[in-house]
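Some notes on the structure that comes next.
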Amino acid sequence: MLELSLGTWDHDRVMALHDGRVKVPGVQFASEIHPTSKLFPWAVQEARFDITEMSVSSYILQLSRGGSDYTAIPAFVSRAFRHNGFFARAGSGIESPADFAGRKIGVPEYQMTAAVWMRGILADEYGVDCDGIHWHTGALDAGVRRERLELRLPEGMRVDPITEGDTLQDMLLRGEIDGLLAPKPPQAFLDGHPDLIRLIPDFESAEQAYHQKTGFFPIMHLIGIRKSVADAHPAHVRDLYDGFVAARDIAMDRLRSVWLGNANRLSLPWLGASMERTIATLGPDYWTYGFDANRAEIDAICRYSVDQHLATRRVQPEALFHPSVLDT
């Protein structure tokens with residue numbers, strides 16, 4: 001029996017692997033649950049786990065610079081639409097993401113996958129030259145945030161870390177920056193601060209339209225398998241992918257059973273309405289794994305990475321994944 005360390009966050013889509021409901025033939029997991037704020041630096045700086053959740057952006061960046069300790073399987077354990085993450089200060093004259101052009105904009109990490117997608121949206125959907133923005137990086141609303149990999153940006157690009165102890169949210173409210181690319185709503189917005197506004201209030205409609213136009217449900221994280229493990233046990237790579245598919249299917253079946261059940265077992269009043277809208281927009285198999293169905297989307301983020309001066313060359317989608325899973 002091969003024992004492998006497994007590190008992910010507690011997404012419903014992976015928990016059946018952690019708790020043993022899904023078994024991978026010939027493999028036993030030493031399972032750990034950690035937030036991605038810890039997992040992602042561990043993955044790129046020390047390759048702590050045999051199997052790990054990884055940032056798509058940081059992985060592409062590493063591949064372009066010569067390689068990663070991991071090869072990936074197309075189990076996309078985190079996906080998220082991003083039109084909901086554009087924020088500005090009331091009265092600043094910024095009324096649309098298009099108005100970010102030439103401004104001072106905050107983002108927790110320049111290289112984070114959410115930011116790569118949001119800058120892609122700014123460029124493709126709003127015509128914004130992101131090279132002309134003065135970027136400020138650091139903690140969104142609490143703590144300290146640093147880039148997990150060194151940036152190697154062209155001369156003239158302005159990406160400046162903020163003072164540690166300060167936050168992008170507070171800088172925005174003080175008028176020192178003009179907007180935010182936020183992977184989650186800033187705390188002041190959740191608290192109802194009148195000066196912090198979301199630029200696309202009906203973001204769900206905007207995200208539905210974006211999906212209908214592009215076919216994308218933006219991929220944030222994937223699963224990496226240490227190359228030394230994949231090289232020594234290549235047959236297990238496909239088995240591990242199948243295990244992640246089975247774990248996702250269990251989570252999706254449970255969600256459907258809650259939606260269709262007589263009693264709502266989840267503490268969300270309009271779960272049914274959300275499920276119906278989701279399926280109407282994205283189809284019943286809306287959390288898609290596999291390479292073939294997602295190749296165009298992976299190619300888009302590879303393009304964004306090089307356009308945004310993260311990847312040093314254009315990485316082909318096939319290069320992200322182990323050969324045994326390219327036919328998925």
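Given the residues Arg119, Arg48, which is the only one that is open to solvent by 40 Å² or more (accessible area, probe 1.4 Å) and either free of Cβ contacts under 8 Å to residues at least 60 places away in the same chain or more than 22 Å from Ala251 (Cβ to Cβ) (or both)? Spell out the reasoning first.
On the way: Arg119 fails: open to solvent by 40 Å² or more (accessible area, probe 1.4 Å).
Matching residue, one of Arg119, Arg48: Arg48.
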(Q) Cβ contacts < 8 Å: first residue closer than 20 Å to Gly26 by Cα, restricted to segment 239-261; second residue open to solvent by 40 Å² or more (accessible area, probe 1.4 Å) and of a type outside the set (Ser, Thr, Tyr), any location; separation 6+ or different chain. Result? (A) Asp239/Pro25; Gly243/Lys23; Ala247/Met15; Ala247/Arg21
**Q.** Unique residue being open to solvent by 50 Å² or more (accessible area, probe 1.4 Å), under 29 Å from Ala296 (Cβ atoms) and at pLDDT below 95 when the list is Pro234, Pro284, Pro269
**A.** Pro284
**Q.** Checking Met220 against (1) open to solvent by 30 Å² or more (accessible area, probe 1.4 Å); (2) of a type outside the set (Lys, Arg); (3) modelled with pLDDT of 95 or more, the condition it does not meet
**A.** (1)
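Would you point out which residue out of Ala319, Ala296, Ala280 is over 26 Å from Ala16 (Cα atoms) and in contact with a Phe, Trp or Tyr (Cβ under 9 Å, 6 or more places away or on another chain)? Reasoning before the result, please.
Working: Ala319 fails: in contact with a Phe, Trp or Tyr (Cβ under 9 Å, 6 or more places away or on another chain); Ala280 fails: in contact with a Phe, Trp or Tyr (Cβ under 9 Å, 6 or more places away or on another chain).
When all the criteria are applied, what remains is Ala296.
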**Q.** Long-range neighbours under 8 Å by Cβ, at least six apart or interchain, first residue on the phi > 0 side of the Ramachandran plot within segment 207-218, second open to solvent by less than 50 Å² (accessible area, probe 1.4 Å) and assigned to a helix (DSSP H, G or I)
**A.** Gly215/Glu297
Q: Take the residues in segment 62-84 that are open to solvent by less than 20 Å² (accessible area, probe 1.4 Å) and of a type in the set (Phe, Trp, Tyr), then tell me which one is farthest from Ile301 (Cα to Cα).
A: Tyr70
Q.
Which numbered condition in (1) within 26 Å of Phe81 (Cβ to Cβ); (2) within 20 Å of the chain's Cα centre (by Cα) is the only one that Val144 fails?
A. (1)
Q. How about segment 168-182: which of its residues are open to solvent by 20 Å² or more (accessible area, probe 1.4 Å) and closer than 19 Å to Arg82 by Cβ?
A. Asp178
Q.
Looking at segment 59-78, can you tell me whether even one residue there is more than 20 Å from the chain's Cα centre (by Cα), of a type in the set (Ser, Thr, Tyr) and at negative phi?
A. no
Q. If we keep just the residues of segment 164-191 that are farther than 26 Å from Arg277 by Cβ and in a loop (DSSP other than H, G, I, E, B), which is modelled with the lowest pLDDT?
A. Gly165
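Have a look at Ala139, Ala232, Ala182, Ala188 and point out the one that is free of Cβ contacts under 8 Å to residues at least 12 places away in the same chain and either within 30 Å of Phe49 (Cα to Cα) or more than 19 Å from the chain's Cα centre (by Cα) (or both).
Details: Ala139 fails: free of Cβ contacts under 8 Å to residues at least 12 places away in the same chain; Ala182 fails: free of Cβ contacts under 8 Å to residues at least 12 places away in the same chain; Ala188 fails: free of Cβ contacts under 8 Å to residues at least 12 places away in the same chain.
Result of the check over Ala139, Ala232, Ala182, Ala188: Ala232.
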Q: Tell me, yes or no, whether segment 68-81 has at least one residue that is under 30 Å from Thr278 (Cβ atoms) and assigned to a helix (DSSP H, G or I).
A: no
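The values are calculated or read from the model by the stated rules, or taken from the named source; none is laboratory data. Predicted model only: the values in this text are computed from it and were never measured. FYI the Cβ positions are ideal-geometry reconstructions off the backbone, even for glycines, and counts take in every protein chain you see. We work out accessible area using only protein heavy atoms, side chains counted, and drop any ligands, DNA or RNA first. Shrake-Rupley method; radii C 1.70, N 1.55, O 1.52, S 1.80 Å.
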